[in-house]
Amino acid sequence: MSSKNTILKAVHASSAKRVPIEHPEIPSFEIKNNNLLDTFKKNLAIAGAEWYEVSDVTEAKTIMAKKLPDAKIICSATKEWQGNKDLTKIHLPRELDDVDLGVIRAEFGVAEMGMVWLTDESLKINSLGFLSQHLAILLDPESITENMHTAYKKIDLNKHPYGNFMMGPSATADIGATLVHGAQGARTVTIFFLKR
Amino acid sequence: MRKKVDIVHNAAEFIAQDNIHETQHDKNLWNSRMKRDKVASEIPEWENLRDLASQIKEHTLSHLEQYLTQFAENAEKNGIIVHWAADGNEHNQIVLDIFQKNNVKRIIKSKSMLQEECGMTPFLETNGIDVLETDLGERIQQLSGERPSHIVVPAIHKTTQDVAELFAKNIGTDPNNDSPSDLTEAMRQNARPKFLEADAGMTGANFAIANTGTFVVCTNEGNADLTASIPRLHIASIGIEKILPTSDDLAVFIRLLSRSALGMAATQYTSHFTGPRKGCEMHIILVDNGRTKRLANDTFWPSLKCIRCGACMNTCPVYRRSGGLAYGATYSGPIGIVIDPTFDENKYSELPFHSSLCGSCSEICPVHINLAEQILEWRKVMIKHKQVPKIRTSLFHVADSVLGSPKIFRAAEKVAYYGLKYTPNALVYWNKINAYGQFHKMPDIQKETFNDWYLKHKKK
């Protein structure tokens, strides 16, 4: 008998011994008069990301240039922000290793967590989100959902081979339980609130 | 038969090495526990979420055949190649076969307790495959030649100075610089080229969603995403108990996992893999390795609800002072005590006695596993199966007769008073017969017992 059959048979036998437990109804736990943008901003800061409200991409670019004066290679997965490394000419994910600033437009934000939803469509090449030294993420301030329950209602996981709730810069506390940003992925994450 | 783990001896060694390690370890883990309490208190529905999580897990485990089948079918539909492994050896062989077929020489991997459980890394290394742990804590443990001491923070038993010395020896950093940010940066620089050159990436999974065929990996470093987004081949090892019916269920667990673990809202990255990247290959190995045996056990099956958050370890007064390596097993702390003996009852027979049974683990577990009760149940099993030293069984018999009879108990109180008074200290504190006396002063036993006092005052 294959391992698949052995496992399924054993699992079946165990289930038969137990009282079947009903699947519970899961409420969405929404709060009345929750200011989603304010909650999102607060939680974003806790996760170690920064945010700016901007009226156009030029303003966002100016802010980033001030924050990262040494950033030379900018690679953007968005139409609105042109970088200087063309994503369409990339053949292998590792070619994004020299990117100083990656630019992405997020699908939506989750207020409860301060996280944004990115897919392979928003990243174009997935490694852009992780090999880039720094990230600038554009987010429509109208596209913020309240919590994880409402967030998963918005997503069809089968639509994308890859999706990521990103909450901030790469972090670790593995040495001496001290929080350090920039473990393996992006060192900083800056969110720009900009209408789509 | 493998040697029995002497957890008391191991813990004593951890405590006695200096006056820094145990104190730091205790403090750091208790901090996580306090952060967890703070964030939990900010969510009005927290207890509601725990109840839901427990019920979802119990529902899924009691319908596991249906959900496992559904998950595998959907993953296959998404273009993922699904394998099934009855045990660690089969799992490791499947991995090696895939690597040999694809001419893989170097791999990068993110943290997976299951791969740890299967002893995968040493197996692959023996077969000529270069394995790089990409999680910082796991990398520290890999360089030390030690297993992880905690399921979330694998190197928490080490001080910054320990890591500074380790990195100095292995990657050429300054042994006198123990700044966590400098050490983290040094490892980032060291690991980056290896990410780029790897032939394959491996991850575990925190959750697997039956109705979409998705698996979910939670990390703070983004190392799982680097692992999955650079090489063209990705293999994920998934324990059969990781299944959840839908992403609506997942929402409950994402809200609980990192808050319970480290007091953070979520991990920095919650990554969803539903299929391979274009032109790439993705494999899933669904692993049993003792899980069906546990599922069939009427007493211990609830341990399969575990989501590996580590909250029970952070809160356990015994774990915090012993260090995770003392358990000599893949899993340590309260959940380790419950899981490890299912792999080897004799080797881990002393673990259930390394607990104060204070119940803090049961109180904090986000999925309501009755950990303290299960630890007690394991003690019963060990005594019944004669896995404990004879002296302990005899002492329990003595305790039973003394505590069970008021007459004998009263006589024993007097004996204790005169006994301690007239026995030479060298004998009282001789560690062969009194392990307690190694680290503690014996209590002063009063000549007047409570019963004497009570009878005297009752008359007044």
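The values are calculated or read from the model by the stated rules, or taken from the named source; none is laboratory data. These numbers were taken from a predicted model, which means no experiment stands behind them. Backbone-built Cβ (ideal geometry, glycine too); neighbour counts: all protein chains shown.
Where helices (runs of 4 or more DSSP H) sit wholly within the range B:385-460, those with at least 2 residues that are farther than 30 Å from B:Leu351 by Cβ and small (Gly, Ala, Ser) occupy B:406-422.
Taking the range B:65-154 as the region of interest, the helices (runs of 4 or more DSSP H) fully inside it that hold 2 or more residues being closer than 28 Å to A:Gly185 by Cβ and free of Cβ contacts under 8 Å to residues at least 40 places away in the same chain are B:120-126, B:136-144. Of all the listed residues (B:Asp344, B:Asp340, B:Asp400), the sole one being within 30 Å of B:Thr449 (Cβ to Cβ) and of a type in the set (D, E, K, R) is B:Asp400.
Of the residues A:Val99, A:Val110, only one is within 26 Å of B:Gly279 (Cα to Cα), surrounded by 18 or more Cβ atoms within 10 Å (Cβ to Cβ) and in contact with a Ser or Thr (Cβ under 7 Å, 6 or more places away or on another chain); which?
Going through A:Val99, A:Val110 in turn, the sole match is A:Val99.
Remark: pairs (first residue in the range B:227-246, within 8 Å of chain A (Cβ to nearest Cβ); second residue assigned to a strand (DSSP E or B) and modelled with pLDDT of 95 or more; Cβ separation under 6 Å; 6+ apart in sequence or on different chains) = B:Ala228/B:Gly201; B:Ala228/B:His234; B:Ile240/B:Leu286.
Where in the range A:1-105 are the helices (runs of 4 or more DSSP H), entirely inside, with at least 3 residues that are away from chain B (no Cβ under 14 Å)? Show your work before the answer.
Values: elements: A:3-17, A:36-46, A:57-67.
It comes to A:36-46, A:57-67.
Suppose the filter is closer than 30 Å to B:Ala85 by Cα, surrounded by 14 or more Cβ atoms within 10 Å (Cβ to Cβ) and among the aliphatic types (A, V, I, L, M); does A:Ile7 pass it?
Yes; evaluated as a whole, the condition is true for this residue.
Residue-wise test of (1) of a type in the set (A, V, I, L, M); (2) at pLDDT 95 or above.
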site: A:Ala16; (1), (2): yes, no
site: A:Ile21; (1), (2): yes, no
site: A:Phe29; (1), (2): no, yes
site: A:Leu37; (1), (2): yes, yes
site: A:Phe40; (1), (2): no, yes
site: A:Val54; (1), (2): yes, yes
site: A:Thr58; (1), (2): no, yes
site: A:Thr62; (1), (2): no, yes
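Scanning the range A:78-120 for residues that are within 22 Å of A:Leu44 (Cα to Cα), more than 14 Å from the chain's Cα centre (by Cα) and of a type in the set (A, V, I, L, M) yields one hit, A:Leu101. Considering A:Leu157, A:Leu139, which residue is buried (at least 21 other Cβ atoms within 10 Å of the Cβ), within 27 Å of B:Thr246 (Cβ to Cβ) and either more than 17 Å from the chain's Cα centre (by Cα) or at the interface with chain B (Cβ under 7 Å from one of its Cβ atoms) (or both)? One residue alone meets the criteria, A:Leu157. Pick from the range B:168-226 the residues that are under 25 Å from the mean Cα position of the chain (by Cα) and part of a loop (DSSP other than H, G, I, E, B): which of them is farthest from the other protein chains (Cβ to nearest Cβ)? The residue in question is B:Gly204. Please determine whether any residue of the range B:26-46 is in contact with a strand residue (DSSP E or B) (Cβ under 9 Å, 6 or more places away or on another chain), in contact (Cβ under 8 Å) with a residue 24 or more places away in the chain and at the interface with another protein chain (Cβ under 10 Å from one of its Cβ atoms). Within the range B:26-46, not a single residue is in contact with a strand residue (DSSP E or B) (Cβ under 9 Å, 6 or more places away or on another chain), in contact (Cβ under 8 Å) with a residue 24 or more places away in the chain and at the interface with another protein chain (Cβ under 10 Å from one of its Cβ atoms).
Matching residues to (1) out of contact with any Leu (no Cβ under 9 Å at 6 or more places or on another chain); (2) closer than 30 Å to B:Gly263 by Cβ; (3) modelled with pLDDT under 85; (4) loosely packed, with under 12 Cβ neighbours inside 10 Å:
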{"position": "B:Phe343", "(1), (2), (3), (4)": "yes, no, no, no"}
{"position": "B:Lys347", "(1), (2), (3), (4)": "yes, no, no, no"}
{"position": "B:Pro352", "(1), (2), (3), (4)": "no, yes, no, no"}
{"position": "B:Ser356", "(1), (2), (3), (4)": "yes, yes, no, yes"}
{"position": "B:Cys365", "(1), (2), (3), (4)": "no, yes, no, no"}
{"position": "B:Ala372", "(1), (2), (3), (4)": "no, yes, no, no"}
{"position": "B:Glu377", "(1), (2), (3), (4)": "yes, no, no, no"}
{"position": "B:Ala416", "(1), (2), (3), (4)": "yes, no, yes, no"}
{"position": "B:Tyr422", "(1), (2), (3), (4)": "yes, no, yes, yes"}
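(1) surrounded by fewer than 24 Cβ atoms within 10 Å (Cβ to Cβ); (2) of a type outside the set (Asp, Glu); (3) more than 15 Å from the chain's Cα centre (by Cα): which one isn't true of A:Asn147, the others all being true? The one condition A:Asn147 does not meet is (3). Show the residue pairs that are 6+ apart or on different chains and have beta-carbon atoms under 6 Å apart, the first residue being within the range A:180-192 and more than 9 Å from chain B (Cβ to nearest Cβ), the second being β-branched (Val, Ile, Thr). Every condition considered, the pairs that remain are A:Ile191/A:Ile137; A:Phe192/A:Val54.
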